[in-house]
Amino acid sequence: MPQPGHHDTTVHEQAAPAVKHETVKPTRHEEISTAADKEIHQDHYHRAIQPVKDTEVLPEQHRHRVAGTEHRHFDHRNHEATEEALRAESGKLHDQRVVTDTTKTQSRAPAVQSERFHQ
């Protein structure tokens with residue numbers, strides 16, 4: 001039985017190479033846009049007086065009411081069935097790649113106009 005505060009964990013890990021399922025759909029898109037820019041100068045002043053706020057942050061207070069820990073150990077694993085299931089699943093995985101024809105599109109965006117005011 002492990003000591004209180006200590007845990008006994010057994011991890012079985014096996015890394016297989018990654019499986020790719022990839023569909024490539026090449027697309028070429030050309031967007032044509034026209035931009036017009038105006039600049040208007042305008043000076044203005046804004047004065048604001050902000051109040052001073054003093055906040056006090058108190059330290060956190062923690063209270064824990066925890067009953068004693070009861071440690072139990074159960075191992076209901078079936079290692080042979082797990083290995084068989086992993087072998088069956090890894091047999092289903094394989095790389096896949098599909099490449100489609102390139103799609104070509106073109107659009108003309110409306111003219112973009114912007115104004116900036118400065119004084």
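Mean residue ellipticity at 222 nm from the helices of the chain, using -39,500 (n - 2.57) per DSSP H segment of n ≥ 4 over the full residue count, to the nearest 500 deg cm²/dmol? It would help to have the intermediate numbers written out before the result.
Numbers: 1 runs with 14 residues, N = 119.
-4000 deg cm²/dmol, from helical runs alone.
Could you derive backbone 3J(HN,Hα) for region 42-54 from the dihedral phi with the Karplus parameters 6.51, -1.76 and 1.60 (θ = phi - 60°), listing whole Hz in sequence and x where the residue is Gly or Pro?
Karplus-based 3J(HN,Hα) across region 42-54 equals 9, 8, 7, 10, 9, 10, 9, 10, 9, x, 8, 10, 10 Hz.
Under 8 Å for C-alpha pairs, at least 6 residues apart: give me the relative contact order for the chain, rounded to a whole percent.
Numbers: 98 pairs, mean separation 75.2, N = 119.
Rounded, it is 63 percent for the chain.
I'd like to know which of TYR45, THR102, GLN61 lies farthest towards the positive end of the charge dipole of the chain, counting +1 on Cβ of Lys and Arg and -1 on Cβ of Asp and Glu.
Checking the options against the dipole of the chain, the answer is TYR45.
Provide ARG28, ARG63 in ascending order of the number of other Cβ atoms located within 10 Å of each residue's Cβ, fewest first.
Working: ARG28 9, ARG63 4.
Arranged by neighbour count, lowest to highest, ARG28, ARG63 become ARG63, ARG28.
Angle check, please: helix 79-92 long axis (alpha carbons) against the longest principal axis of the chain (alpha carbons), in degrees 0 to 90, nearest 10.
40
Taking the beta-carbon count within 10 Å as an exposure proxy, list LEU93, LEU58 from fewest neighbours to most. Working shown, then result.
Numbers: LEU93 12, LEU58 5.
Placing the least packed residue first, the sequence is LEU58, LEU93.
Since every read-out is calculated from the coordinates, none of them should be taken as a lab result. All of these numbers come straight from a predicted model, not from anything done at the bench. Cβ sites come from the backbone with ideal geometry, for glycine too, and all protein chains shown count toward neighbours.
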